[in-house]
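I have placed the structure first, in the form of structure tokens, so that the comments after it can refer back to it.
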Amino acid sequence: MTTPRSYYRIILGRKNVHAEPCHEQSFIGGDWGLNFDLADSLESSVEKFRETNRPIYRQQNPDKSKVSAGLATGMLYTICKGIAVGDIVLCPTGDGACYVGEVNTEYQYVPGGMLPHRRGVQWYPHTLAREEMSLGLKNSAGSIGTVSNISKHHEEIDGLLEGISPQKLFATDETIEDPTVFALEKHLEDFLVSNWASTEMGNDYDIYTEDGEVIGQQYPSDTGPIDILAISKDKKELLVVELKKGRASDAVVGQVQRYMGYVKADLCETGQAVRGVIVALEDDLRIKRALQVTSNIDFYRYQVSFKLFKV
């Protein structure tokens, strides 16, 4: 049985500064300041890799938190080992398109080189324009972070590579009950991030940022990306925020609990607590019943107002 290939969005340097030279030299890569050969530690799992290299990362970057260290080492492992030979990568060019290629080598370390932790890539002869993509793929391809697994959009990506236009909506998650609400709430996630300071949660929490860049939107965990990861203004609590996104109630409750477990185990500094929030369009009895037996997850509803004014 053939193992299906995976698809990743990779940012090649801040503001895609390395995209063109990586394309010219046929590779993708990462840095994160770990300037030594990682081959030995790549033989272990991603959890062991992070456990081994996170202290080294923090020693070299003493101003960085566990959140930053976990993000950096996890993405580095994905580039070096998690991506398999034969997997497809989309790399934004910086001008509204993506280079597309197939990874064709195992991990290589190039001391002193640009993005020294590398994988060879056979690039396709044409790029994909963002304007060709569905809303879901645009959001995934434009998500925060250097590395993003976008395999759920594989049918659309393959179609685009074959010249097939995408459908209007893609329901790629089997737990999604309403694709229309899913699309709406992905817009609302971006709106919530952009207007965080005006929300009730923004009174007590800030979305996690690093060096002025938001890293708390779609923060990767070992069970999937967290919609929003925030931190209390007194730094004593991390907040996991999940939009229901049209999913089944039991699925979203279980998901936020898994994310909170990950944050507690891997991201919380000594003395920090973790809290959860579920945000949904409609009142949901099943969610409220499930949350009656937990004291650290809150449930919020949102309202959408749309008006036309004749001028």
Excluding same-chain residues fewer than 8 positions from Lys244, which aspartates and glutamates have a Cα within less than 17 Å of its Cα?
Asp173, Glu174, Glu177, Asp178, Glu185, Glu189, Asp190, Asp227, Glu282, Asp283, Asp284, Asp298
Expected max-MSF residue from Pro225, Pro21, Pro62 in the GNM of the chain (alpha carbon, under 10 Å) is Pro62
So how do Thr223, Thr73, Thr78 line up by other beta-carbon neighbours within 10 Å, fewest first?
Thr223, Thr78, Thr73
Each label point is 7 Å from the Cα along the Cα-to-Cβ direction; what then is the distance between the points at Glu106 and Arg286, in nm?
4.5
Sorted by chain and number, the residues with a modelled amide H under 5 Å from that of Phe299, at a separation of 5 or more or across chains, are Ile278
List the residues, sorted by chain then number, that are 5 or more residues from Glu237 or on another chain and whose placed amide H is less than 5 Å from its amide H.
Ser232, Ala273
Per residue of the range 45-54, in order, report the coupling 6.51 cos²θ - 1.76 cosθ + 1.60 (Karplus, θ = phi - 60°) as ³J(HN,Hα) in whole Hz, putting x for Gly and Pro.
6, 4, 5, 5, 4, 5, 4, 6, 9, 4
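Using only the Cα atoms of the range 7-161, build the gyration tensor, take square roots of its eigenvalues as a ≥ b ≥ c, and label the shape rounded, prolate or oblate: rounded if a/c is under 1.5, else prolate if a/b is larger than b/c, else oblate. Provide the component values of the computation, followed by the final result.
On the way: a/c = 1.80, a/b = 1.62, b/c = 1.12.
Prolate, because a/c is 1.5 or more and a/b exceeds b/c.
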Shape call for the chain, from the Cα gyration tensor axes a ≥ b ≥ c (a/c under 1.5 means rounded, otherwise prolate when a/b beats b/c, else oblate), comes out oblate
Hey, can you grab everything whose amide H is under 5 Å from the amide H of Val121? Only 5+ residues off in sequence or another chain; H modelled, so Pro and N-termini drop out.
Phe27, Ile28, Asn104
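Restricting to Cα pairs below 8 Å that are 6+ residues apart, what does the relative contact order work out to for the chain? Please round to a whole percent.
14
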What's the longest piece of the chain with no exposed chymotrypsin sites (Phe, Trp or Tyr not before Pro), counting a site as exposed if DSSP puts it in a loop and it has at most 13 other beta carbons within 10 Å?
37-305
Per residue of the range 94-100, what does 6.51 cos²θ - 1.76 cosθ + 1.60 with θ = phi - 60° give for ³J(HN,Hα)? Whole Hz please, x for Gly and Pro, Karplus curve as stated.
x, 10, x, 10, 10, 5, 10
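Charges at C-beta only: +1 for Lys and Arg, -1 for Asp and Glu. How large is the resulting dipole of the chain about its Cα centre, in Debye rounded to 20?
Dipole about the Cα centre, nearest 20: 520 debye.
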Go through the range 207-222 residue by residue and turn each phi into a ³J(HN,Hα) via Karplus (6.51, -1.76, 1.60, θ = phi - 60°); whole Hz please, and just put x for glycine and proline.
4, 5, 10, 9, 6, x, 10, 5, 10, x, 9, 6, 6, x, 10, 7
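Arranged by the count of other C-beta atoms within 10 angstrom, fewest first, what order do Ser65, Ser45 take? Intermediate results must be reported in sequence, preceding the final value.
On the way: Ser65 19, Ser45 12.
Going from least to most buried by this count: Ser45, Ser65.
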According to the square roots a ≥ b ≥ c of the eigenvalues of the Cα gyration tensor, what is the shape class of the range 66-144, taking rounded for a/c under 1.5, prolate for a/b larger than b/c otherwise, and oblate for the remainder?
oblate
State, to one decimal in nm², a quarter of the convex hull surface area for the C-alpha atoms of the range 179-301, i.e. the direction-averaged projected area.
7.5
Taking neighbour Cβ counts within 10 Å as the exposure measure, how do Cys91, Cys80 sort from fewest upward?
Cys80, Cys91
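Every read-out reported here was derived from the displayed coordinates using simple, explicitly stated rules and does not represent laboratory data. Everything quoted here is computed from the prediction, not taken from an experiment. All Cβ positions, glycine included, derive from the backbone under ideal geometry; neighbour counts span all protein chains shown.
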